[in-house]
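Right, one structure below, let's go through it.
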Amino acid sequence: MTACRRVCRRTLPLAAIFAAAVALLSPRGGLSADSPAGKLISDVVPVNNRTRTAPQILAQMQSYDENTIQEDVRRLHATRWFAPGGVQIHTKNDPDGRVTVFVYVTELTSTVEAVEFLGVQHLGKKDLQELTGIRKGDPMNPLANEMGRQAILRRYQEDGRYYASVELVEGSKPTDTRVVYSVVEGPVVKVAGVEFRGNDRASSGRLRTTLTTKGAILGFGGKFTPMTMDKDREKLTEYYHAIGFLAVRIEPEIVPDADPGKVRIVYHVTEGTQYVVAGKQIDGNKTFPAEKLDALTELKPGQRYDLRKTKGDAARIDAYYGYRGYAVKTEEQLYEVPGQPGLVQVHYQVLGDRGEPDRVGRLIIEGNDVTQDRVILNQLDLRPGQILQYPKLKEAEMRLARLGIFDPENPPQVTVEPNEFDSIYHDVRVRVQETRTGQFMIGAGVNSNSGINGSVVINEKNFDILRFPTSWDDFRYGRAFRGAGQEFRIEAVPATTFQRYSATWREPYLFDTQFGLSNSVYYFQRQYVEYKEERWGDRVTVDRRLDPIWKASASARIEGVHIGDIPWYAPPSIAGDAGTHFLLGLSGGLNRDTRDSYIYPTSGSVLDFRVEQVLGSTAFPIGTVEGTKFLSSQYLQREDGSGKHVLALRSQVAVAGGNAPVYERFYAGGFRSLRGFTFRGVGPNELGLFTGGTFSFLNTVEYQIPILANDKLHFVTFVDHGTVEKDVSIRNYRVAAGFGFRIAVPALGPLPIALDFAFPITKAPWDNRQIFSFYVGLFGGP
């Protein structure tokens with residue numbers, strides 16, 4: 001149908017749905033026998049308008065077809081020019097077979113002479129005017145005034161004033177001249193507590209983790225807003241659906257507390273039956289057989305219904321199609337089995353499986369004023385002409401967001417443009433919004449290995465080493481040395497027992513390849529009991545990710561090392577290395593990482609191989625192999641999949657040449673080594689001084705159990721065992737057992753605080769014990 005704006009004459013047919021809209025809006029109700037549907041419009045005539053001109057009214061009516069006529073009426077009402085229900089549409093059949101459309105309006109004749117807010121103490125007049133949208137001189141509109149009353153009341157409730165009331169004293173009649181609101185604000189109401197009743201299969205603690213509403217703690221937080229209760233009920237219902245209670249009913253109740261400024265919220269839960277999967281099937285698939293898709297699914301008949309599994313199944317089916325160029329959407333459909341309560345049939349409906357696979361057309365990048373296109377293209381991993389692998393779009397969004405160079409409030413979007421020519425080639429559009437990428441950070445830390453340390457960091461995540469400024473504006477507008485996606489970091493860490501200073505530059509995609517290049521210059525100084533070490537140097541590393549789990553790297557380090565402040569009684573194994581030394585180390589390594597999480601891994605493993613040949617003042621090799629395995633069981637977790645018990649097994653073997661100097665030998669003790677002993681408090685010892693070894697064998701068995709329902713606090717028990725020896729042998733094997741806690745504090749970052757207590761069971765006579773250790777780090781990580 002041809003679209004028409006303002007007045008349509010002679011050319012536009014009146015559609016059937018337009019006639020239906022007329023019937024609904026007209027007081028006469030239904031269509032006459034001589035229906036105007038399908039006829040041409042000869043004219044549109046506003047009627048009864050005195051204040052507003054016909055062109056003003058017609059300008060609000062964008063078109064006259066079956067899809068927009070009701071929108072036009074709503075748009076006229078939204079102008080607040082007319083009384084509630086004051087826009088009616090009528091038609092008249094003309095002798096020539098066309099129709100005339102009449103727009104009957106009832107105008108608001110009174111004008112707002114004043115707007116008053118009585119009893120208001122905690123909201124400003126500007127805020128109230130923005131909420132109501134009513135100004136002096138506006139037409140008197142009772143409906144708009146009532147909507148303003150509701151908006152004020154909502155604002156008070158959002159602010160926690162549950163008992164607030166707002167009354168429209170004047171302004172409810174078209175003949176009124178003032179709009180007056182009377183407000184009783186009431187106190188800010190806080191949540192004294194949240195209770196659950198009727199929940200047998202889900203703990204109250206776990207249910208609380210799903211809620212937006214929280215109870216007040218020591219008088220802080222816990223503001224009560226009734227609007228969040230509906231969201232909370234949805235989240236609780238979703239939680240129960242996830243564990244198979246598909247017929248659950250949840251009813252919230254607000255219970256006044258003895259304190260008038262507090263309420264208690266009680267959720268009454270009727271869990272119902274936990275459903276079991278009677279069967280499953282895949283529908284709508286044309287390109288791939290159901291047997292192949294069924295092999296991707298995890299949900300099996302006879303199991304309890306699990307929303308997490310069905311979502312995972314649908315995602316795997318979508319990904320299987322998506323990597324092959326098909327943009328499908330798999331929806332889950334549930335059907336109760338007639339006559340068999342508690343049984344459900346699960347259908348996976350594949351939508352959009354048609355045609356041949358899509359291919360990449362143009363790559364369009366928008367919003368990058370400073371960042372080079374290649375930085376974004378390297379994260380996209382798509383090129384024109386390739387099969388359009390749809391899952392890579394979401395992966396690219398995540399990688400672009402992790403770069404830290406785009407606005408997290410408006411994260412990067414990677415979308416496929418519709419193709420109007422029905423071609424298999426689809427353009428991919430990347431929209432980004434740049435943000436500040438430079439950081440200046442000052443911090444402090446403490447742990448049992450290094451004592452108290454400070455930290456001053458200058459970091460630029462979108463550095464460009466070749467983008468020299470050409471004018472002062474390049475500095476003013478942030479273009480100088482920015483835009484290539486490189487990282488440049490300067491760090492100073494002064495501490496009570498050591499100090500470290502470094503400057504590091506990294507190019508993650510060298511010459512737009514999968515190779516990365518980094519260069520770091522550094523200075524390090526630490527005072528040990530045995531000697532004082534100063535080390536300065538430069539390390540260059542080239543790395544390449546071979547696939548999603550394997551990564552290879554090669555490094556070269558050039559260092560100067562000075563050993564001084566050696567006790568006069570030190571043995572030759574220490575005193576012989578006094579003075580300044582030159583080192584050139586050439587190394588290569590492989591890393592394999594399949595962990596399901598970098599913070600709290602519950603499955604997978606990490607395996608790291610590294611060999612190095614050191615040349616210079618002394619020539620010797622170093623080889624290290626380290627692996628960590630994480631194990632968990634579906635039988636040792638909550639029904640919703642959270643709260644997993646995790647067993648971590650970690651081993652490290654390191655060997656160095658027999659002529660390795662004291663500053664390159666191995667030592668043990670402390671966290672991530674052998675707890676129960678001091679830092680560098682385990683190893684060969686002569687005359688009361690630790691000389692280090694050329695063979696290290698360290699192991700950890702650690703078991704993690706969640707304590708809190710939100711998984712923010714874990715209890716761990718562990719056994720650390722191993723040794724450090726002068727040569728490849730085991731003479732003094734150490735074993736320490738202990739327990740500890742892992743505390744997640746979101747305000748301090750993602751890594752948990754670790755507090756450990758360890759007690760040596762077997763040790764060498766000269767080892768130094770330390771019962772308590774604390775640090776910030778990964779559970780069982782290498």
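Observations on the structure shown:
- The residues on offer are Glu664, Glu612, Glu702, Glu626, and the sole one that is of a type in the set (Asp, Glu), crowded, with 17+ Cβ neighbours inside 10 Å and closer than 21 Å to Arg742 by Cα is Glu702.
- Of all residues in the range 440-462, none satisfies being within 30 Å of Arg354 (Cβ to Cβ) and open to solvent by 30 Å² or more (accessible area, probe 1.4 Å).
- Any chance Asp127 is of a type in the set (D, E, K, R), part of a helix (DSSP H, G or I) and modelled with pLDDT of 80 or more: yes
- Selection of strands (runs of 3 or more DSSP E) fully inside the range 509-577 by the criterion of at least 2 residues being among the small types (Gly, Ala, Ser) returns 515-527, 550-564.
- The strands (runs of 3 or more DSSP E) found wholly in the range 276-386 and carrying at least 3 residues that are under 26 Å from Ala396 (Cα atoms) and open to solvent by less than 60 Å² (accessible area, probe 1.4 Å) occupy 359-366.
- The range 216-249, subset among the hydrophobic types (A, V, I, L, M, F, W, C) and assigned to a helix (DSSP H, G or I), residue nearest to Thr310 (Cα to Cα): Ala242
- Residue that is nearest to the chain's Cα centre (by Cα), among those in the range 98-137 that are surrounded by 15 or more Cβ atoms within 10 Å (Cβ to Cβ), of a type in the set (A, V, I, L, M, F, W, C) and within 30 Å of Asp159 (Cβ to Cβ): Leu131
- Scanning the range 742-779 for residues being farther than 23 Å from Asn453 by Cβ, assigned to a loop (DSSP other than H, G, I, E, B) and open to solvent by 60 Å² or more (accessible area, probe 1.4 Å) gives a total of 3.
- Output for the range 250-274, where each listed residue is open to solvent by less than 70 Å² (accessible area, probe 1.4 Å) and assigned to a strand (DSSP E or B): Ile250, Pro252, Ile254, Val255, Val263, Ile265, Val266, Tyr267, His268, Val269, Thr270
- Residue in the range 485-499 that is closer than 27 Å to Leu615 by Cβ and touching a Phe, Trp or Tyr at 6+ places or on another chain (Cβ under 8 Å) present: yes
- Restricting the range 38-65 to residues that are at pLDDT below 70 and open to solvent by less than 50 Å² (accessible area, probe 1.4 Å), the residue that is farthest from the chain's Cα centre (by Cα): Lys39
- Residue within the range 522-541 that is open to solvent by 50 Å² or more (accessible area, probe 1.4 Å) and under 31 Å from the mean Cα position of the chain (by Cα) present: no
- Subset of the range 161-184 (residues that are at pLDDT below 90, surrounded by fewer than 19 Cβ atoms within 10 Å (Cβ to Cβ) and under 29 Å from Gly222 (Cβ atoms)): Tyr163
- Residues that are in contact with a strand residue (DSSP E or B) (Cβ under 8 Å, 6 or more places away or on another chain) and either in a helix (DSSP H, G or I) or open to solvent by 40 Å² or more (accessible area, probe 1.4 Å) (or both) within the range 140-149 comprise Pro142, Leu143, Asn145, Glu146, Gly148, Arg149, listed in sequence order.
- Test: Arg675 is in contact (Cβ under 8 Å) with a residue 40 or more places away in the chain, over 34 Å from the mean Cα position of the chain (by Cα) and at positive phi: no
The values are calculated or read from the model by the stated rules, or taken from the named source; none is laboratory data. Keep in mind that what you see is a predicted model, and the values were worked out from it rather than measured. Reconstructed Cβ throughout: ideal geometry from the backbone, glycine too, with neighbour counts over all protein chains shown. SASA here: full protein model, heavy atoms, side chains in, ligands and nucleic acids out. Shrake-Rupley method; radii C 1.70, N 1.55, O 1.52, S 1.80 Å.
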